[in-house]
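The values are calculated or read from the model by the stated rules, or taken from the named source; none is laboratory data. Quick caveat: nothing in here was measured; it's all calculated off a predicted structure. Ideal geometry is used to build each Cβ from the backbone, glycine not excepted, and the neighbour counts take in all protein chains shown. Please note that ligands, DNA and RNA were not included when accessible areas were found on the heavy atoms of the full protein model with its side chains. Shrake-Rupley method; radii C 1.70, N 1.55, O 1.52, S 1.80 Å.
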Amino acid sequence: MKSFRVAVLANLKKNAPHFDGMPEDQWDDLDSEKTVNALVEAIRSGGHEAEFIEGNASLVDTLPKYQPDICFNICEGHFGDSREAQIPSILEMLQIPYTGSKVLALALALDKPMTKRILAWHDLPTPPFQTFERSNEKLHDDLTFPMFVKPSREGTGMGVSRKSIVHNEEELREQVSYTIERYNQVALVENYIEGREVTVGMVGNLVGPVARRLPVNLRAPRIQAGLQFFPPMEVDLKPYHDTDEVYSNRLKVDLADQLTYLCPADLADEVVDELNWLAAAVFRVTGALDVSRVDFRLDANDNFKPYILEINPLPGLSPGISDIVIEAAADGIERTFALNHLGYFLLTHLLLETLQQSQPARIVNVSSMAHIGGRLNLNNLQLKGNFSSWGAYSQSKLANLYFTYELARRLEGSRVTVNALHPGFVNTNFGKSNGGMKKVMMGALQSVFAITPEKGAETSIYLASSPEVEGVSGQYFVNNNAVRSSQISYDQEIARQLWDASLEMTGLNVTV
């Protein structure tokens, strides 16, 4: 697979502007250096180049200089009603691809009342609501106490506390006034759904073309086709019933590492199926892409009927504490396998139509000599009960070869070639996240035996550009020479079974 140059775009809390009268939680939805560094290292570990760049107006100058192939965008923005859509707008103007939802979906989802209007128009269950520009506006007849008050355009639970639940007119007017004055925006008031709060994360994209509406046939498989749903997550709020009662800003920010995250949440299969269907419906009607998280309340007074609260198409990615990160970890997909194999598999399929239209074209997969020690147990690709970091790595590199050889067979007769390579023992950050003696040993080995990243890139560049390998496909290269890989890597039956398993795990429905 081609090595990409990736610009990781984010807004760091430490770089955020400050102004007089700024609420103390003004920048709670911005990212930490820890989060950004984790993303950069994760992308690098997949064989790509990655650098963090602060997402602001300077991108007009900095991005053309860096020349990224794609931007990994998690920018929340600083000011404006559609601040999360500002950086994507710049990227589209510069014609630079980026991950995640596009401009309209990000602007829509940040405006909670507008999102709820879209949901209500499609008859998707969301609590009755009203927006308040002033605290003394007449209350709509379909709202009943208790109610819930929150800012209309904030994230990370900003403005949400136990006081957000109001039980009478006096509490309502007081909390609406507080919200309008503190955040200088319209207050959103909705019926409070007493019960459990559950969130569902998903990755992937709906099989297109996709309109921002539900199909006439609500049983149509395409409502969900192409999406991978993570196990639903619930936070154990019992210890905080008397102090917070809800999943508040305080819990999300100050106590995030002390909470008990229940994932998978204890829900019946039919409830999970319904939540997934609703999450896909919200994903569809808002025009979301790549990744999202949908939040629900399950009504304890109505047989735990699910109500949609909102969709977050730009979910937090803080290691260990962000909802969707926890859900992904609980999904059972071993991360090394997901990164080193499923990432190759998914990206190649997403680009394959373009490659076929622009042939001759070349696909280059970076494998490793480590594949020689790899073994693939198709009944336990997650290595449950038998996990080791080296076993996971060598398995993933063996999978790269099965994928390369199987794809080459399927593309035989076309002018799209597929080859794999071993780059050598390259002096990178590989293994430096290990602790103790493993880290010391890896550092020592790299200092003595490792080659430079430039040297390690030579075979990738050769396969991607040299006229000597034009038309060559289904081969494994070391130092610019085709060599034999391990004997088991040529097992066509295992390759076909891995292909089918990969289709299922990525949610793809394609035939090559």
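Counting charges near ASN11 (Lys, Arg +1; Asp, Glu -1) among other residues having Cβ under 13 Å from its Cβ returns a value of -4. Largest to smallest in accessible area, the residues ARG415, ARG362, ARG250 fall in the order ARG415, ARG250, ARG362 (1.4 Å probe, all protein chains included). Counting charges near TRP27 (Lys, Arg +1; Asp, Glu -1) among other residues having Cβ under 13 Å from its Cβ returns a value of -4.
Secondary structure note: in the chain, about 60% of the DSSP beta bridges are antiparallel.
With N as its number of residues, the range 4-162 has a Cα radius of gyration that, divided by 2.2 N^0.38 Å, comes to 1.24.
Geometric descriptor of the range 91-144, per residue, is 121 Å³ (volume of the convex hull of the Cα atoms). Please work out the C-alpha center-to-center distance from the range 352-376 to the range 145-170 and express it in whole Å. The range 352-376 and the range 145-170 have Cα centres spaced 51 Å from each other.
On the chain, 52 percent of the accessible area sits on carbon and sulfur atoms, based on a 1.4 Å probe. Please report the spacing between the Cα centers of the range 298-340 and the range 96-138 in Å, no decimals. Between the Cα centre of the range 298-340 and that of the range 96-138, the gap is 20 Å.
Extents of the range 128-191, taken as max minus min of Cα coordinates on every principal axis and listed largest first, are 28, 21, 20 Å. Once the chain from VAL60 to ILE461 is taken as fully extended at 0.36 nm per residue, the excess over their C-alpha distance is 141.5 nm.
Measuring with a 1.4 angstrom probe and ignoring ligands and nucleic acids, GLU245 comes out at about 60 Å² accessible. P(r) tail for the range 338-410, what percent of Cα pairs lie past 17 Å? More than 17 Å apart: 46 percent of the Cα pairs in the range 338-410. Rounded to the nearest 500 deg cm²/dmol, what is the calculated helix-only ellipticity per residue at 222 nm for the chain, with -39500 (n - 2.57) per DSSP H run of length n ≥ 4? Only helices count here, giving -10500 deg cm²/dmol. The heavy atoms of GLU49 present about 80 square angstrom of accessible area, all protein chains included, probe 1.4 Å.
Karplus-based coupling profile of the range 271-286, in residue order and whole Hz: 5, 4, 4, 5, 5, 5, 4, 5, 4, 5, 5, 5, 4, 5, 6, 8, with θ = phi - 60° in 6.51 cos²θ - 1.76 cosθ + 1.60 and x standing for Gly or Pro.
Annotation: amide H of GLU310 within the under-5 Å range of ASP295, sequence separation 5 or more or interchain, hydrogens built in the peptide plane.
Legend: residues HIS422, HIS341, HIS167, sorted from most to least accessible area (1.4 Å probe; ligands, DNA and RNA excluded), read HIS167, HIS422, HIS341.
Amide H contacts of ARG196: LEU298, ALA300, each under 5 Å away and 5 or more positions distant or on a separate chain (H built 1.01 Å from N in the peptide plane; Pro and chain starts excluded). Straight-line cross-link reach from LYS163 at under 12 Å between alpha-carbon atoms covers these aspartates and glutamates, not counting any fewer than eight positions away in the same chain: GLU171, GLU174, ASP242, ASP244, GLU245. Amide H contacts for SER292 (H built 1.01 Å from N in the peptide plane; partners 5 or more residues away or on another chain; cut-off under 5 Å): MET202. Our note on the geometry: Cα centres of the range 248-273 and the range 473-512, 38 Å apart. Angle of helix 389-410 to the longest C-alpha principal axis of the chain, folded into 0 to 90 degrees and rounded to 10: 70°.
With every protein chain left in place, what is the accessible area per residue of the chain in square angstrom, probe 1.4 Å?
The answer is 48 Å² per residue.
Residue ranking by accessible heavy-atom surface, 1.4 Å probe, largest first, among LYS116, LYS102 comes out as LYS102, LYS116.
What does the net charge come to around ARG284 if you take all other residues with beta carbon closer than 12 Å to its beta carbon, with K and R at +1 and D and E at -1? In short, +3. Applying 0.36 nm per residue to the separation of ILE70 and ARG134 and subtracting their alpha-carbon distance, the gain on full extension is 18.7 nm.
On a 0 to 90 degree scale, rounded to 10, what angle separates helix 169-183 from the longest Cα axis of the chain? Taking the Cα atoms of the chain, the angle to 169-183 is about 50 degrees.
Across q = 0.06, 0.12, 0.13 Å⁻¹, the chain modelled as identical point scatterers on its alpha-carbon atoms has Debye log10 I(q)/I(0) values of -0.32, -1.18, -1.34, in the order of the q list.
The alpha-carbon atoms of the range 71-194, seen along their principal axes, cover 51, 33, 23 angstrom, with the largest extent given first.
Largest first and in whole Å, give the semi-axes of the range 299-387's equivalent ellipsoid, each being the square root of 5 times a Cα gyration tensor eigenvalue.
Over the Cα atoms of the range 299-387, the semi-axes work out to 35, 23, 13 Å.
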